[in-house]
Amino acid sequence: MPDRKPSKYTDMLHLITPSKGLNVLSLDPYVAEGRLAMPYRYFPGPIATRFFLELRDNQRIMGIRCPTCGIVYVPPESTCGTCFEKLEEWVEVGNRGVLQSYTVTHYTLPVHPDHTPIIYGLVKLDGADTGFLHFLGEVENGALRIGIKMEAVFREERVGNILDIKYFRPASS
Ligand SMILES: [Zn+2]
């Protein structure tokens with residue numbers, strides 16, 4: 001092993017009491033600094049492309065079924081996460097589903113795609129076996145409960161991305 005140069009962290013080594021079997025080699029951190037902000041174009045691949053075009057052109061939410069274990073993935077995947085089967089069987093799922101979980105975000109970060117507070121929810125659509133993570137909207141105070149029925153609200157102007165679904169709202173009965 002090459003000799004390490006002393007660094008500002010080296011004299012902190014005595015502060016560490018490694019547990020039995022743990023050998024502390026160095027406290028030198030690996031630091032990567034940078035700033036990324038660039039225009040880009042992204043090819044989502046054939047599976048996500050079809051999914052987005054169905055949202056944009058037909059306001060349909062499509063899933064994909066595993067031929068081996070039968071799991072219907074929404075959003076669709078190219079490979080089954082359970083049995084690694086290649087997935088090709090498209091199925092339309094409902095615009096409604098059951099709320100599995102949710103959280104409310106009150107702080108603002110540049111990566112957040114909307115103004116706060118943002119409600120994120122996991123909705124298992126009718127005919128799907130996986131939860132679909134998206135925004136929740138039109139929610140009255142205290143109206144959210146795990147297990148309530150939600151429905152997709154599509155944007156008038158759709159462009160072929162995940163935000164063509166504006167959000168899921170509590171379903172009218
Ligand atoms: Zn499978």
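Couple of notes before you dig in:
- Of all residues in segment 80-90 being without any contact (Cβ under 8 Å) to a residue 24 or more places away in the chain and in contact with a Ser or Thr (Cβ under 8 Å, 6 or more places away or on another chain), the one that is farthest from the ligand (Cβ to nearest atom): LYS86
- Only one entry in GLY70, GLY63 is farther than 30 Å from SER172 by Cβ, open to solvent by less than 50 Å² (accessible area, probe 1.4 Å), within 16 Å of the ligand (Cβ to nearest atom) and not aromatic (Phe, Trp, Tyr), namely GLY70.
- Among the residues of segment 156-171, those that are open to solvent by less than 70 Å² (accessible area, probe 1.4 Å), more than 21 Å from TYR73 (Cβ to Cβ) and not in a strand (DSSP E or B) comprise ARG158, ALA171.
- Filtering VAL153, VAL139, VAL93 for residues that are open to solvent by less than 50 Å² (accessible area, probe 1.4 Å), touching a Leu at 6+ places or on another chain (Cβ under 9 Å) and either touching a residue at least 40 places away in the same chain (Cβ under 8 Å) or more than 30 Å from ARG35 (Cα to Cα) (or both) leaves a single hit, VAL93.
- Matching residues in segment 104-136 - criterion: being open to solvent by 50 Å² or more (accessible area, probe 1.4 Å), aliphatic (A, V, I, L, M) and more than 30 Å from GLY70 (Cα to Cα): VAL104, LEU109, VAL111
- So THR79, is it of a type in the set (Ser, Thr, Tyr) and closer than 21 Å to PRO44 by Cβ: yes
- Within segment 28-39, if we keep just the residues that are farther than 16 Å from VAL111 by Cα and not β-branched (Val, Ile, Thr), the residue that is modelled with the lowest pLDDT turns out to be ASP28.
- Pairs are defined by a Cβ separation below 6 Å, a sequence spacing of at least 6 or placement on different chains, a first member in segment 61-77 that is more than 16 Å from THR49 (Cβ to Cβ), and a second member that is open to solvent by less than 20 Å² (accessible area, probe 1.4 Å) and away from the ligand (no atom under 11 Å from the Cβ); the pairs so defined are VAL72/GLY63; VAL72/ALA128.
- Out of GLU54, GLU77, one residue alone is within 16 Å of the ligand (Cβ to nearest atom), at pLDDT 95 or above and of a type outside the set (Val, Ile, Thr). It is GLU77.
The values are calculated or read from the model by the stated rules, or taken from the named source; none is laboratory data. Since this is a predicted model, take the numbers as computed values, not measurements. Every residue, glycine among them, receives a Cβ derived from its backbone with ideal geometry; neighbour counts consider all protein chains shown. Ligands, DNA and RNA are stripped out before the accessible areas are found, and what is left, the full protein with its side chains, is counted by its heavy atoms. Shrake-Rupley method; radii C 1.70, N 1.55, O 1.52, S 1.80 Å.
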